[in-house]
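**Student:** The structure under discussion is supplied below as structure tokens; questions concerning it will follow.
Please treat every number below as a calculation from the coordinates, not as lab data. Predicted model, so just to flag it, every value in this text is computed and none were measured. Using ideal geometry, Cβ is built from the backbone for each residue, glycine included, and neighbour counts are taken over all protein chains shown.
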């Protein structure tokens, strides 16, 4: 029997603090004693940041079991809770109570360390080499790990030598023009669901309708487009996968499926296993595609391992290198890197190892042939089913990515977000943060700046300066970029001493925003959040600053344009030295350069608007972004009044067939769905399909509108949440429209509920990523989760883990310049601007309610803590759902009775009563 580890184990929750000695004897202790102990003695903990937060000791490190798990089992996931870790390690536990956790942590540590000596340990390769690097970085687990890892008899190949290389392939031919008969789509659906499975008429009807988007296009710029609203439980994923797979196999073409959330991307990747059962075939036929900023950059990793990172960041880099050897695709954001791993290192997260600044040198990188980003792009070109996201599909269409043909068939799932995605992608913003990033991209490191950051000269000098013009363009761009904001720009603006024409422009923006803000005092030093004002009637200083900034931007655009022309000439008339690798490097650089040129052009158009006529197609405004009263960015912004116009022009029109689908796509208003999806701007009108949810909401759910919670009474709001969660015995998703209120409620109720055995987790409070918080919530039926907009969409928690949804109030749209302009435009067309707000509120309510009933057999209640809910919003809930206006006490009784299974509390089928025109007002 192994000797016990010579370390205590510490567990801290909202209910208290417990410590187990190495022999397993457990006792409770106070916060002060716990802090003194962990400061002096290495202690085994699970999730040091969250334990440190609960102790009030943010610098806690300790012997973190999650770090040890990431070393022993890289690219594996475990729910980062005592129960979740025990389950992943196959340690049998029934119920885990807080006092039992420290002993369980000791058992988990022993199991993990024992694996290091197991001859069948599947992740042994590379462990010894990484362990040596971790020891040099002073990883707390190093002594225990090194003592159990034998020195290899022969030197192991390094990480970069072990990674496979991708291979080039011939371009994919155009898909054959074929027709998928509706019957063939239905038959393929039956193969996926099982011929003996329960029939879903709505699912079959949808599969037959979707088949229509795969017919050959008759006219350019006029795709076959289907808008499909499929209620929860229809099984819309398989309904569109069936005809998609049938068409892809018969035509040789690729279908691009686009989602709004990473959670749905992961779900779709799992669902496609039904199409291709073997792992080899699935890898060949299905590709998950994301933006390059999601993937590990091997050059960044190499620099980090060679001294670019220090302290805790160096430990993260070593663990990331361990993961890199076993990952499926190198995806650090939503892939097989556990979402909790980067959060253990606070600021030293995954972003430091990805290419977020567009500094890739493409074929000039020594790891280019092993690059995860390049491998992902090539896998997508060869796959039959490409699972992407709205932003990437739109960006690729707008920029015309080199080597990537536009998709002919596109399926937009979570289609109610297509408008929002287009709104963001086709936007322009000249802000301090955006401008300083462009300066860094052009100039490279300045002053004491460290890291791998390289300027244009370092990245392109050798391929662009084959003649004098290329080298001169790079130098001219470097000099022109000095006019952009530099390090410390924000502090200079707040102190009133800007440098350079663009900083002077931002200073004038800041002054005008504060001058027009009704809540500011004369100094502009009010404590609040973001401020903005419409770009109209600019004052003299802003107009003058804009003129100087426009000249500076023009001086930057000219050499960037010339540089692009010189590099295009290289490709048109290649010199002898331009081999395949150099050509790929030039093509990649051209793509990155084109992005920056387009950005500068958009800035120039925005600056030209100051003092000039307004363009009715756009909304322009000035803003000072703040967090808790602290300024974080300043700038000018431009959005399309109707972003579905560029969406239709750049994404939809080139396609041959498009499906836009969602459970809340139309909500009874197909005209609105046509407009927000871009279909309104195509020459051929779309087809519409509706399949209502098969769930019996009259028996499985009810809506309770609590009428006696006074708006703005934080104590009453917290009390309501606490009592409702207690009545439901956990299993509650609490949704908030403001982070401040979420944090205030959490602070008031978390300890009380935890002492009752009801753990509560919170987005924007717990130092854990949102995806992991949902995993924790899903894993524990007694847990509750508080969150904001990110939890209102795309969260799939079926079963008993989610049985109560509580919203703090009506999710009104936040007033802004952008919203006011679009509301006014809607008013001009319909005569009722309030309809614009109503549609958005109803969609948000419908999405929130949609978290509740996910599978047949689910049962739950939706509570809205606002008595002032106009009855016109209640159509957001599925037909037949009982809706009651009740007091908080009544709501508590109904929730408790439902949890207890009291037949007398069966959800009422009675129609809504007590409504009046006065209440509607």
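**Student:** What's the exposure ranking of 769, 468, going from fewest to most Cβ atoms within 10 Å?
**Tutor:** Sorted ascending by nearby Cβ count, the order is 468, 769.
**Student:** Suppose a student asked you for the relative contact order of segment 177-293, using Cα pairs under 8 Å spaced at least 6 residues apart; what percent would you report?
**Tutor:** 29
**Student:** Rounded if a/c is under 1.5, else prolate if a/b is larger than b/c, else oblate: which is segment 139-207, with a ≥ b ≥ c the root eigenvalues of its Cα gyration tensor?
**Tutor:** oblate
**Student:** Still on this model: Only bridges whose two residues both fall in the chain count here: according to DSSP, what percent of them are antiparallel, nearest 5?
**Tutor:** Here the antiparallel bridges make up roughly 35 percent for the chain.
**Student:** Here's something else I'd like to know. Take every Cα pair under 8 Å in the chain that's 6+ residues apart, average their separations, divide by the length, and report that relative contact order as a whole percent.
**Tutor:** Value for the chain: 14 percent.
**Student:** Using alpha carbons only, how many angstrom separate the centre of segment 183-200 from the centre of segment 19-45?
**Tutor:** The distance from the Cα centre of segment 183-200 to that of segment 19-45 comes to 58 Å.
**Student:** Modelled label-to-label distance, residue 779 and residue 866, 7 Å Cα→beta-carbon offset: nm?
**Tutor:** 3.4
**Student:** Quick check on packing: order 738-750, 646-658 by the mean number of other C-beta atoms within 10 Å, highest mean leading.
**Tutor:** For the peptides 738-750, 646-658, the packing ranking is 646-658, 738-750.
**Student:** Please state, to two decimals, what the Cα-based radius of gyration of segment 1-78 comes to when divided by 2.2 N^0.38 Å (N = residues).
**Tutor:** This ratio for segment 1-78 stands at 1.12.
**Student:** Let me ask something additional. From the alpha carbon gyration tensor of segment 86-191, can you work out the equivalent ellipsoid semi-axes (sqrt of 5 times each eigenvalue) and give them in Å, largest to smallest?
**Tutor:** 45, 29, 12
**Student:** How big is D for segment 795-904, in µm² s⁻¹ as a whole number, if Stokes-Einstein is applied with the Kirkwood radius of its Cα pairs at 4 °C and 1.567 mPa s?
**Tutor:** Stokes-Einstein gives a translational diffusion coefficient of 82 µm²/s.
**Student:** Still on this structure, I have one more. Dividing the convex hull volume of the Cα atoms of segment 9-153 by its residue count, what figure in Å³ per residue is obtained?
**Tutor:** Hull volume over Cα atoms, normalised by residue count, gives 114 Å³.
**Student:** Per the Cauchy relation, a quarter of the hull surface: what is the mean projected area of the convex hull of the alpha carbons in segment 428-640, in nm²?
**Tutor:** One quarter of the hull surface, i.e. the mean projection, equals 13.5 nm².
**Student:** Would you mind computing the Rg to Rh ratio of segment 697-920 from its alpha-carbon coordinates, Kirkwood style for Rh?
**Tutor:** 0.96
**Student:** Another question, if that's okay. More than 37 angstrom separation, counting every C-alpha pair in the chain; what % is that?
**Tutor:** 54
**Student:** Okay, next question. Quick one: P(r) of segment 584-650 from all Cα-Cα pairs, 5 Å bins, percents rounded to integers, in order of increasing distance.
**Tutor:** In order of increasing distance, the bins hold 4, 12, 15, 17, 19, 15, 11, 5, 2, 0 percent.
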